[in-house]
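First up is the structure itself, then whatever we jot down about it.
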Amino acid sequence: MIWLALFVTLLLWWLFTGLALISAHQRPPIKNLLFGLSTIVAIGCIASVPYISADPSLVAVLFGFLFALLIWAWLELMFLMGVVTGPNKSLAPQGLGVGQKFKQALATMIYHEVVVISVIGLTFFLGGEQPTNPIIFYVLLVLWLMRCSTKLNLFFGVRHFNHGWLPKSHKHVASYVSVGKNSALMTPSSSLAAIFAALLFSRAFATDDTSVALSLFLLGWVAALAAVEHVFLMYRVGEEALWRWAVKSE
């Protein structure tokens, strides 16, 4: 079961990341079309939450995981395409204190954060009071928590960040990223992600319910990949080769 979860997680992580990069770097008419299609798909996935949450089968767990990643991809495209971001569109001014710079950095994306939290809350509400298969809600929650950790590290300091992956319209966002030295937050945050993954794997091995085990393994691999992505920020390891097929100049 653990290897099935690893295969599914790696495949979808690699594929959806690449498709998001391709979509975000298209010309406006194509971007609008792609975002419209992704919105339709996301609405369908959100509408399926009550049915997925009530079905404890292995198939429902796998489809729930897929639907959660499709919803997350839509949310990521919403930001990368500039559909919903924040009120601040300006480059980071020189000489700002950390507190003021953090407020301005948050203002580049605050509207999007509200939308993400609202969508996660909606999946929790649609899942009912006692869902037997809450995979969609938990995947989205873990992805959001790990992304918050990544964004904090990008703000306070990382050794490596590929600015070329951001669209040209997001240069102001990139100006709030501190590149050159890993902050003191990097090691504990990546360690916590790895520990969280280990705990999920431990719980998965301890249960006799195959559907619950698969859900925990999938969540564990998501957390493990988040720890790996933190390593990508700490060291230059050539991870861009994984998505060279997806990154093209605008």
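The values are calculated or read from the model by the stated rules, or taken from the named source; none is laboratory data. Being a predicted model, the structure only gives us computed values, none of them experimental. Note: areas computed on protein heavy atoms with side chains; ligands, DNA, RNA excluded. Shrake-Rupley method; radii C 1.70, N 1.55, O 1.52, S 1.80 Å.
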Q | Two-decimal Rg/Rh across the chain, once Rg and the Kirkwood Rh are taken from alpha-carbon atoms | A | 0.96
Q. ³J(HN,Hα) across region 192-206 via Karplus (A = 6.51, B = -1.76, C = 1.60, θ = phi - 60°), whole Hz, x for Gly/Pro?
A. 4, 4, 5, 5, 4, 4, 4, 5, 5, 4, 4, 5, 5, 5, 7
Q) In whole percent, how big is the carbon plus sulfur part of the accessible area of the chain, probe 1.4 Å, protein atoms only? A) 71 percent
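Using alpha-carbon pairs under 8 Å, 6+ residues apart, how would you state the relative contact order of region 136-231 in percent? Could the numbers behind the result be given before it?
Numbers: 90 pairs, mean separation 30.5, N = 96.
32 percent.
Given only helices, namely DSSP H runs of n ≥ 4 each adding -39500 (n - 2.57), what is the per-residue ellipticity at 222 nm of the chain, to the nearest 500 deg cm²/dmol?
Working: 10 runs with 170 residues, N = 250.
Here the helix-only value at 222 nm equals -23000 deg cm²/dmol.
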**Q.** Principal axis dimensions, largest first and in whole angstrom, of region 1-84 by Cα
**A.** 41, 27, 16
Q | Per residue Cα convex hull volume in Å³ - calculated over region 39-162 | A | 122 Å³
Q) Across every pair of different alpha-carbon atoms, what Kirkwood hydrodynamic radius in Å does region 64-107 reach? A) 12.5 Å
Q. In straight Cα distance, which lysines are under 23 Å from Lys181, not counting same-chain residues fewer than 8 positions off?
A. Lys101, Lys103, Lys151, Lys171
Q. Just for the Cα atoms in region 101-250, what are the lengths along the principal axes, largest first, rounded to whole Å?
A. 47, 34, 32
